[in-house]
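Okay, so here's the structure we're looking at.
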Amino acid sequence: MLKRLLSGDTPRSPVLTALLLVILLTLAFAPFLLPGTKSLETAARICIFIVLVASYDLLLGYAGIVSFAHTMFFGIGAYGTALALSSTGPSFLSIVWGSAAGALVAALFALAIGLFSLRVKAIFFAMVTLAVASAFAVLVSQMSWLTGGEDGLNYKIPRELTPAFKLFSAKIFGTSVNGKVLSYYLVFTVALCLFLMLLRVVNSPFGRTLQAVRDNDFRAEAIGYRVVWYRTTATVMSAVVAALAGSLLAVWLRYTGPATTLSMEIMIDILLMVVIGGMGTMYGAVLGATLFILAQTYLQGLMGAASSAISAVPVVSDLIAADRWLLWLGVLFILSVYFFPTGIVGRLRKARA
Amino acid sequence: MSGSAIKPRIEKVSLSDRLADKAPLLLVPALALAGLLAIGNPSTWLTLTVAGVAMGLMVFIMASGLTVVFGLMDVINFGHGAFVSVGAFVGFSILIWLGGWASAPSVFLNLAAVLVAILVAMTVTGLMGYAFERVIVMPVYGQHLKQILVTMGGLIVAQQLIYVFWGPDAIHVARPQSLQGSILLGNAAIEKYRLVAVGIGLVLFLVMRHILRSTRIGLLVRAGVENSEMVEALGYRVKRLFLLVFMAGSALAGLGGVMWGLYQETITAHMGSDIMVLVFIVVIIGGLGSVEGCFIGALLVGLLSNYTAFLEPKVALVSTIGLMVVILMWRPQGLYPVVKAK
């Protein structure tokens, strides 16, 4: 049963299994285990980014395609839901049709870009997506009549998902089950389903073919698989899942703006999470996203403290200032591409073998 | 058999074929003409055209290194933008340091300050290119996926290091006295600095063309682009040649950074990665690896984005993407595809 749920792709390492279980259980009971809004925010962010990063892994790790437009699809989903909620009122119906519309637009965009640029070379696709994504981000911040420009959109979500709503008055483990908790579980459940679905996809014959295309596209073509078709389908799939993750973010934050969805920083974050977690493993997305967001939320404070402790040393204190943590992540990123391209997950699996 | 020797038949190149070969050259005047028709006012058009050519040439300076590096070694450097930023920051530091020269009323001192800034910036970015090639690019030859990832990582690190050394804020520096203001040509006001940029860009393009076409190194580079294994088999060290080209490309990116910074009068650590979007569009339009294509692509992008910025400001960047799409539909490999003998 469990094996079927994971599509036969078990973690294959005791340490990894333990880590994944800890993450799953903590996320599943986050509202009760970790009181306080900040930790719930972090937990929801982790759920959303696991989906986002896993969908990117489908592209990067399984299909071997580098795209810089993943935040564009993420943003399309978020803006779709946001626009639906702000134009047709806070109902569940508008969430559904907004997400569906966002996913559809993302799929069309991905199809267009894919058919257009995947015929040539992986490098071509990377450059085209970079250009298109930044043009899109500029366009969104300029079309302020529709998207609210740089300020983004604030909107209401259904009352059942706001803190004002109480499911019942009794408390469970000292936490009242309000709309925010329900909202969290909406995010968690959808994220879990999407992740399991992605796991299903990469372990299907389609996923295997995708890996074959990644490893040797010439041979795959010679055997009779239409490489362009497989690559484009993978791009569309990952775009749709990214758009759905964007919808989750839109519902959770009740705000959608360019900085939270479209910025290049988020794209770089996604890249870092995939590579550090482990490309082409799916579970790498879980570890990568979790570690990265925990570090982003908590480690920065630690670095700030360390930096002010040695503020007398001029350059060194600048090097470990809290704002400079991306520097060290960048170094870690380069090192992990060189020395363990399969990331943490690959390392853990190898340790057992 | 003996009597009727087969005559070699040399087919005449048909007119349409010859035109198709030259067609990309006609795009620039065609676009300029279309701009004139759309804008209507000739003096506004002249201002915009000079601005467009200046911008195009600056982008060309930054893009040329990237495209040759790709052509020669099949390496695409997503961290190229880092050299642009570093060049701008180093150049500006020198300009601030030489503040006396830059604000003096003498044209000579002004230009000397800019020249020193450019030379130092190019030296620093050239050396940085050396380190970048050795440490970051060399271990991942022939692996596109890793190249993209690793050079992207290099970009992140370089940007963060700029923050460490120069602080997180944007730096403003006014252009030297004699490069400020504009001259009137009829009714059209043309900024002096843009003319200087056009001058530097054109000279650089001609020098580069000369080096590539009529020197020994240029010959080797062109041969290497076509078939690097063959060049290696003939006893030349392609790797060393590549390192040289990489450093030259990085130095050019640094030069472009200083010029772009002086153009904007404001520099930020992420200016390099912002401008890279245009650079990539230019490189794709021109055909990966082709310097001439890159030149035409840069002019097209510069002109188009200045015209659209005047006519419809919001779609400036999108219009260049549109241009790229149209060109790729016409020639899927770019204007002048580089033929690989592999």
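Derivation of every value follows stated rules applied to the coordinates shown; laboratory data play no part. This structure is a prediction, so every number in the text was calculated from the model and none was measured. Cβ coordinates were reconstructed from backbone atoms using ideal geometry, including for glycine residues, and neighbour counts include every protein chain displayed.
List the residue ranges in chain A for DSSP H helices whose C-alpha atoms run 24 angstrom or more along the long axis and whose Kyte-Doolittle average is 0.0 or above. Within chain A the helices that satisfy the rule are A:37-57, A:70-88, A:92-117, A:122-142, A:179-202, A:227-253. Panel order for B:LYS22, A:LYS350, B:LYS192, by other beta carbons found within 10 Å of each beta carbon, from fewest to most: B:LYS22, A:LYS350, B:LYS192. Reported value for chain B: 178 Å³ per residue, from the convex hull of its C-alpha atoms. Using the alpha-carbon positions of region B:1-92, Rg (one decimal) and Dmax (whole number) come out as 22.9, 77 Å. Residues A:VAL15, A:VAL132 in ascending order of nearby Cβ atoms (within 10 Å, fewest first): A:VAL15, A:VAL132. Normalising the Debye intensity of region A:21-352 to I(0), with uniform scatterers on Cα atoms only, and taking log10 at q = 0.15 Å⁻¹ returns -1.29. Over the C-alpha atoms of region A:28-126, the Rg to Rh ratio, Rh being the Kirkwood estimate, stands at 1.08.
Could you tally the net charge around B:LEU27, taking each other residue with its Cβ under 14 Å from the Cβ of B:LEU27, Lys/Arg +1 and Asp/Glu -1?
Working: positive: B:LYS22, B:ARG331; negative: B:ASP21, B:GLU292.
Local charge sum for B:LEU27: 0.
The eigenvalues of the Cα gyration tensor, multiplied by 5 and square-rooted, give region B:70-136 an equivalent ellipsoid with semi-axes of 31, 11, 9 Å from largest to smallest. Number of Lys-Lys pairs in region A:21-352 with C-alpha atoms under 28 Å apart and a separation of 8 or more places or on different chains: 9.
Note on A:PHE92/B:THR44: beta-carbon distance plugged into 1/(1 + (r/R0)^6) with R0 of 60 Å gives a FRET efficiency of 0.65.
Positive contributions from Lys and Arg (+1) and negative ones from Asp and Glu (-1), summed over other residues with Cβ under 15 Å from the Cβ of A:THR290, come out at -2. The translational diffusion coefficient of region A:150-267, from Stokes-Einstein at 25 °C and 0.890 mPa s with a Kirkwood hydrodynamic radius over alpha carbon pairs, comes to 141 µm²/s. The Cβ shell under 13 Å around B:ALA170 holds other residues with a net charge of -3, Lys and Arg each +1, Asp and Glu each -1.
Can you tell me which aspartates and glutamates have their Cα less than 13 Å from the Cα of B:LYS22? Leave out same-chain residues fewer than eight positions away. The qualifying aspartates and glutamates are B:GLU292. Of the DSSP H helices in chain B, those that are both long (alpha-carbon extent of 18 Å or more along the helix axis) and hydrophobic (Kyte-Doolittle mean at least -1.0) are B:15-39, B:42-73, B:80-97, B:107-131, B:144-166, B:192-214, B:238-264, B:271-286, B:291-311, B:316-330.
For the pair region A:228-271 / region A:49-86, the C-alpha centres are spaced 2 Å from each other.
As a proxy for reagent exposure, A:TYR79, B:TYR263 were ordered by neighbouring Cβ count within 10 angstrom, fewest first; the result is B:TYR263, A:TYR79.
If you wrap the tightest convex hull around every Cα atom of region B:79-182 and split its volume per residue, you get 113 Å³.
At q = 0.08 Å⁻¹, work out log10 I(q)/I(0) for the protein assembly as shown with the Debye formula, treating every Cα as an identical point scatterer and leaving solvent out; two decimals please. Log10 of I(q)/I(0), two decimals: -0.67.
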